[in-house]
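Quick notes on the structure that follows.
The values are calculated or read from the model by the stated rules, or taken from the named source; none is laboratory data. On a predicted model such as this, the values are computed, not experimentally measured, just so you know. Cβ placement follows ideal geometry from the backbone for every residue including glycine, while neighbour counts extend to all protein chains displayed. For the accessible areas, the whole protein counts, side chains as well, though only heavy atoms, and no ligand, DNA or RNA atoms are used. Shrake-Rupley method; radii C 1.70, N 1.55, O 1.52, S 1.80 Å.
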Amino acid sequence: MQSQMDFNAASQSSAIEINKVLRNTYMLLGMTLAFSAVTAGISMAMGLSHIAALVMTLAAFGLLFVVHKQADKASGIYWIFAFTGLMGASLGPMLNMYAAMPGGGALIMQALGGTALIFFGLSAYALTSKKDFSFMGGFLMVGLLVAIVASIANIFLAIPALSLAISAGIILVMSGLILFDTSRIINGGERNYIRATVSLYLNIYNIFVHLLHLLAVLSGNDD
């Protein structure tokens, strides 16, 4: 009887902690996405070059290691905003390029709407079904590695069809990672909301970038 009571108390405590991580993750995710939108707007207004975007992206990925190292400390909050701010700013030149195309503004809004639909739809499914998607980890990692290798190869090959396939593949992999990462939080596999936020942020970021590319190609505005 006592052991059953202890088990129930432990389960309730675990559920409370998981809900807290989930709540903090979505709150921080919303704040970092909004901050990224602000820095992207500033970058667009400043008319930064693609070289500047590349430098900011590299700096952001350098900060990514710092974020993970500081995730268990209060200072982790400042580092995640520095990281996501740079990631948002690095989008400025690309967004200016698409905005200059015929109907470019509409394309950007469609990509934003599509990204939001994918994220909320998959998150809602993971939250309501409470399924464990940890089994997808290996497949997703392989898919991500294949996409990275193909992306590097296509820098030299410059094959439009391969570029389309890579973008479609990355969207699928990142969609799977949304299920995987959300499932980890729900099932107690991730108890640090800063790390959880970074994972979901990168999923959303990559879906948006590659969905925008796909939409531009399908509309005849990109190679």
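What the table shows:
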read-out: Qualifying residues in the stretch 1-22 (those that are more than 18 Å from residue 204 (Cα to Cα) and surrounded by 11 or more Cβ atoms within 10 Å (Cβ to Cβ)) - the one modelled with the lowest pLDDT; value: 14
read-out: Some residue of the stretch 80-91 being touching a residue at least 60 places away in the same chain (Cβ under 8 Å), outside any helix (DSSP H, G or I) and more than 30 Å from residue 22 (Cα to Cα); value: no
read-out: Residue check, residue 99 closer than 28 Å to residue 26 by Cβ and not β-branched (Val, Ile, Thr); value: no
read-out: Test for residue 182: is it under 21 Å from residue 89 (Cα atoms), under 16 Å from the mean Cα position of the chain (by Cα), buried (at least 17 other Cβ atoms within 10 Å of the Cβ) and polar (S, T, N, Q); value: no
read-out: Any pair with Cβ under 7 angstrom, 6 or more apart, that starts in the stretch 186-203 at a residue that is farther than 14 Å from residue 87 by Cα and ends at one that is of a type in the set (Ser, Thr, Tyr) and open to solvent by 30 Å² or more (accessible area, probe 1.4 Å); value: 188/14; 189/134
read-out: Tabulated pairs, the stretch 118-140, first under 17 Å from residue 171 (Cα atoms), second surrounded by 14 or more Cβ atoms within 10 Å (Cβ to Cβ) and not hydrophobic (A, V, I, L, M, F, W, C), C-beta under 7 angstrom, 6+ apart or interchain; value: 118/175; 122/175; 123/182; 136/176; 140/176
read-out: Filtered residues of the stretch 31-61 (kept if small (Gly, Ala, Ser) and more than 12 Å from residue 87 (Cβ to Cβ)); value: 34, 41, 45, 47, 49, 52
read-out: Residue in the stretch 195-217 that is over 23 Å from residue 88 (Cα atoms), out of contact with any helix residue (DSSP H, G or I) (no Cβ under 6 Å at 6 or more places or on another chain) and either open to solvent by less than 40 Å² (accessible area, probe 1.4 Å) or hydrophobic (A, V, I, L, M, F, W, C) (or both) present; value: no
read-out: Residue 216 in contact with a Ser or Thr (Cβ under 6 Å, 6 or more places away or on another chain), modelled with pLDDT of 90 or more and at negative phi; value: no
read-out: Test: residue in the stretch 139-148 that is touching a helix residue (DSSP H, G or I) at 6+ places or on another chain (Cβ under 8 Å), under 30 Å from residue 96 (Cβ atoms) and open to solvent by 20 Å² or more (accessible area, probe 1.4 Å); value: yes
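Here is a yes/no grid of residues against (1) open to solvent by 60 Å² or more (accessible area, probe 1.4 Å); (2) closer than 28 Å to residue 183 by Cβ; (3) in contact (Cβ under 8 Å) with a residue 24 or more places away in the chain; (4) part of a helix (DSSP H, G or I):
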{"residue": "32", "(1), (2), (3), (4)": "no, yes, yes, yes"}
{"residue": "52", "(1), (2), (3), (4)": "no, no, yes, yes"}
{"residue": "60", "(1), (2), (3), (4)": "no, yes, yes, yes"}
{"residue": "64", "(1), (2), (3), (4)": "no, yes, yes, yes"}
{"residue": "69", "(1), (2), (3), (4)": "yes, yes, no, yes"}
{"residue": "77", "(1), (2), (3), (4)": "no, yes, yes, yes"}
{"residue": "96", "(1), (2), (3), (4)": "no, no, yes, yes"}
{"residue": "109", "(1), (2), (3), (4)": "yes, no, no, yes"}
